[in-house]
Amino acid sequence: MRDRILGLDRQTPLLDGSTVTYVNLDNGASTPPMMDAVEALERFMPFYSSVHRGTGFKSRLSTRAFDQAREVIAEFVGANLEHNTVIFGKNASEAINKLSHSLPHGDDCVVMTTRMEHHSNDLPWRDHYRVVHVDILPDGRLDENDFDRKLELYKDKLALVAVTGAANVTGYLQPVHRLARKVHEAGSLILIDAAQLAPHRAIDMKPDGHPEHLDFIVLAGHKMYAPYGTGCLIGPRHVFMECSPDYSGGGTVNVVTPTEVYWAGLPDKEEAGSPNVPGAIAMAASARALMKRTMKKVEEHEVELTKYALTELQKIPGMIIYGESDPEKLDRVGVIPFNLEGVHHSLLAAILGYEGGIGVRSGCFCAHPYVVSLLGLSHEEAENWRVEFLAGDKSRMPGMVRMSLGCYSTREDIDRLITMLRKVADGNYRGEYEVVRETGEYVPIGYVEPFEDYFSFS
Ligand SMILES: Cc1ncc(COP(=O)(O)O)c(C=O)c1O
């Protein structure tokens, strides 16, 4: 897989003036481009033209490629396009927002989600529904008893149950098909936010009408090795046919009179304006490559690396792992949140980056309630932090460091991380850092980044 990922050989600068091959352990945020996506774009872009309404050959070809991209994405998740539609947008957040506009609304309508969601699968629901959150267990897993209880309690008012396929903080995999069965028995529909799941595990929506069918799926291209500004929402055609589009405008209509609008069919009605055709093509090319190399192999490789990472991390003095730390309990993807005792998470992430050439992420990962709970912060501690934060001081922001694997990650990548973490645990790092109050980031004092040597527009 490594030779199919762009840029893995790139040297990046370190604080001491040397350079090193970059190690990306921040795949949970965004993945680098897969060559299949890059090459598909190289082949396609000379023919790029407007889709749908153009009559020239390039337009006809672009329209066909754009439609084929939907078919590939449908195949990637096992969706039947007779009953379902694939709607392209710019990312997973937009897709979830779209669905929050598309489902029936009512004063009393409830959307049930969980306490482990990314904000993108929580906040959009708050705008339109009464949101009920399913609790988590002390180890950060979903409390399925609470899920059952709340499902029973709210089933008459439920517009949707929206759960993540894989948690972006702890990597926990949800039993999506089991939950789907329960949701259907309660008479409702389920959305799986598969932004974090898709790059790690095969997704199977199962046939429409199957008790374990996944009604809606959300994907993000930039987490699937196609970072070209595309995400998508897959779901039943009838749901989108029964509502007005969230955005209206060019391409969404069949007929417009001075007073009336007759909406177009799907997916046009839901894709206002000129779409990101290259993004969709890149995403489909990458999805196709993942299917070809098989998600089973991606999974096996990642399981082996996750075990290795968990085992090695726990040998480091002062290491605190959040969520599951047992290397044998693998109801998770390769996402591991941790802290090193006595070192602020943001400082640790900075040292890894500036002195180790290792990309990770630190903070609360757009999942504040979940992280606060995993950290075991008291109500008062969380409140104090919020007050400081809202007053513009993020320097004491609680959080963790997150390493997240990609299909191309290696043991050597993990070894590089472990070596650096050991150094930090021994206090053996060189830089002097200061915290930027407004952002909470740690930066080396006096260091000027040599960005111009690596990329500039000139
Ligand atoms: C589980 C999950 N859902 C949704 C999102 C939001 O994705 P996007 O940035 O594509 O909107 C993320 C991003 O990290 C995520 O991890």
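The values are calculated or read from the model by the stated rules, or taken from the named source; none is laboratory data. This is a predicted model, so every value here is computed, not measured. Don't worry about glycine lacking a Cβ; one is built from the backbone with ideal geometry, like all the others, and counts go over all protein chains shown. All accessible areas refer to the heavy atoms of the entire protein, side chains included, with ligands and DNA or RNA removed. Shrake-Rupley method; radii C 1.70, N 1.55, O 1.52, S 1.80 Å.
Every test in (1) under 26 Å from Pro199 (Cβ atoms); (2) assigned to a strand (DSSP E or B) is passed by Lys296 save one, and that test is (2). Apart from one condition, Arg126 fits all of (1) over 21 Å from Glu324 (Cα atoms); (2) more than 16 Å from the ligand (Cβ to nearest atom); the exception is (2). Restricting the search to segment 1-55, which residues are under 18 Å from Leu417 (Cβ atoms), of a type in the set (A, V, I, L, M), more than 16 Å from the ligand (Cβ to nearest atom) and part of a loop (DSSP other than H, G, I, E, B)? Those that are under 18 Å from Leu417 (Cβ atoms), of a type in the set (A, V, I, L, M), more than 16 Å from the ligand (Cβ to nearest atom) and part of a loop (DSSP other than H, G, I, E, B): Leu8, Leu14, Leu15. Apart from one condition, Asn276 fits all of (1) within 16 Å of the ligand (Cβ to nearest atom); (2) open to solvent by 50 Å² or more (accessible area, probe 1.4 Å); (3) in contact with a His (Cβ under 6 Å, 6 or more places away or on another chain); the exception is (3).
Would you confirm whether or not segment 222-239 contains a residue that is under 22 Å from Val277 (Cβ atoms) and polar (S, T, N, Q)? Yes, because at least one residue in segment 222-239 is under 22 Å from Val277 (Cβ atoms) and polar (S, T, N, Q). Residue count for segment 218-249 under the criterion of being within 13 Å of the ligand (Cβ to nearest atom) and not in a strand (DSSP E or B): the result is 9. Considering segment 223-240, the residues that are among the hydrophobic types (A, V, I, L, M, F, W, C) and out of contact with any Gly (no Cβ under 8 Å at 6 or more places or on another chain) include one that is nearest to Ser404 (Cα to Cα), namely Met224.
Quick check on segment 415-435: of everything there that is touching a residue at least 12 places away in the same chain (Cβ under 8 Å) and assigned to a loop (DSSP other than H, G, I, E, B), which residue is surrounded by the fewest Cβ atoms within 10 Å (Cβ to Cβ)? Only one residue fits best here, namely Glu432.
When you check Ser274 against the structure, is it of a type in the set (Gly, Ala, Ser), in contact (Cβ under 8 Å) with a residue 60 or more places away in the chain and within 17 Å of Met1 (Cβ to Cβ), yes or no? In short, no.
Per-residue answers, yes or no, for (1) out of contact with any Leu (no Cβ under 9 Å at 6 or more places or on another chain); (2) open to solvent by 50 Å² or more (accessible area, probe 1.4 Å):
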position	(1), (2)
Glu300	yes, yes
Gln314	yes, yes
Tyr322	no, no
Tyr370	yes, no
His379	yes, yes
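When restricted to residues that are away from the ligand (no atom under 15 Å from the Cβ), open to solvent by 20 Å² or more (accessible area, probe 1.4 Å), of a type in the set (S, T, N, Q) and closer than 30 Å to Glu152 by Cβ, segment 66-112 contains 0.
Taking His177, is it open to solvent by 10 Å² or more (accessible area, probe 1.4 Å) and assigned to a helix (DSSP H, G or I)? Judged against the criteria, His177 is a match. Set side by side, the residues Asp193, Asp148, Asp139 differ, and just one is in contact (Cβ under 8 Å) with a residue 12 or more places away in the chain, among the acidic types (Asp, Glu) and under 21 Å from Ile96 (Cβ atoms), which is Asp193. Output yes when any residue across segment 147-162 is within 15 Å of the chain's Cα centre (by Cα), more than 10 Å from the ligand (Cβ to nearest atom) and either among the acidic types (Asp, Glu) or modelled with pLDDT of 95 or more (or both), and no when none is. Yes, there is a match, as at least one residue in segment 147-162 is within 15 Å of the chain's Cα centre (by Cα), more than 10 Å from the ligand (Cβ to nearest atom) and either among the acidic types (Asp, Glu) or modelled with pLDDT of 95 or more (or both).
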